[in-house]
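K.L.:
To start, I am sharing the structure in question, which I have written as structure tokens.
The values are calculated or read from the model by the stated rules, or taken from the named source; none is laboratory data. Being a predicted model, the structure only gives us computed values, none of them experimental. Cβ placement follows ideal geometry from the backbone for every residue including glycine, while neighbour counts extend to all protein chains displayed. Just the protein is used for accessible areas: all its heavy atoms, side chains included, with ligands, DNA and RNA removed. Shrake-Rupley method; radii C 1.70, N 1.55, O 1.52, S 1.80 Å.
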Amino acid sequence: MVDGRASIADSDQGKSFHAFYDFLLSPTRQEELTDLLRRVHELPALADGDDRLRAIHHEWLAAGERTQTTVRTLSEQLRRYLDDRVWLENRRVMDILRSIETAALQLRGERRVELTVEIDALAPTVVLPMERPLYTPQARITLDSSDVQSGDDDFDAAALFGQVHVDPAPLTAHVRRALLQRPQVGLAALLHDHPLEQGLTELVTYFSLTDGAFDVVFDDTPEQVAWTDGDGRTRRATVPRVTYARRAAPIGAAR
């Protein structure tokens, strides 16, 4: 039995994310990072750098909050799936018990009942202890940076400060406009009407949309989405099926 959110948090990706998130929430490490960023900006080579890098840890914290929201949504879907499976298993057990009870009532008048048991392909399972691989410790690698030399000062530092920000408001407006005509809309159909303009970053933003007018439903069924990047090449990504469902108006709400 997988326990929803715990299964995500115990994975390698979940542990890495929580370790980084704890780093962002630590006041001592925040002060250390702020001091390091200040010292980096004081370097002569970065005199014309982007000042937004000084507050990059605040943007990381906001991105972490959006990730936590996505994890909560996935946990709810996983918990709902497990509840359905448990209900089906319980129903199957009850059906088997009723069939056994019915057969027992039919045979209660019989004095001699021949009982037979059949086993298909009976064979022992042999597992040898020496077939298991022995433990191999990981080799420790010593890094020697004594020969590292300073590079050429004449380089373009724009790549260090280039960031892509996707505003979720227009994406939410696309979903709201599509839900005016139908009760639900899939991500693939939405991207067909509004192609991606900022690539994979915009696609991930679609996953983390939150709005009071609709719910985001994730399905395990994979589907492919495609877009054209800045170089004119077609990119494809396999993602879980995402459906945006319009929320029902509360009873007694004004029409």
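K.L.:
If you go through the range 13-30 one residue at a time, do you hit one that is of a type in the set (Asp, Glu) and at pLDDT 80 or above?
P.N.:
no
K.L.:
Picking from 134, 160, which residue would you name as being modelled with pLDDT under 85, open to solvent by 60 Å² or more (accessible area, probe 1.4 Å), farther than 22 Å from residue 72 by Cβ and part of a helix (DSSP H, G or I)?
P.N.:
None of the others qualify; the one that does is 160.
K.L.:
Counting only residues that are outside any strand (DSSP E or B) and in contact with a strand residue (DSSP E or B) (Cβ under 8 Å, 6 or more places away or on another chain), which one in the range 208-235 is nearest to residue 186 (Cα to Cα)?
P.N.:
My answer is 209.
K.L.:
Ok, one more. Give the residues of the range 190-206 that are in a helix (DSSP H, G or I) and either basic (Lys, Arg) or open to solvent by 40 Å² or more (accessible area, probe 1.4 Å) (or both), sorted by residue number.
P.N.:
Hits for the range 190-206 are 192, 193, 200, 201, 204.
K.L.:
Among the residues of the range 219-249, how many are open to solvent by less than 30 Å² (accessible area, probe 1.4 Å) and in contact (Cβ under 8 Å) with a residue 60 or more places away in the chain?
P.N.:
Residues meeting the conditions: 2.
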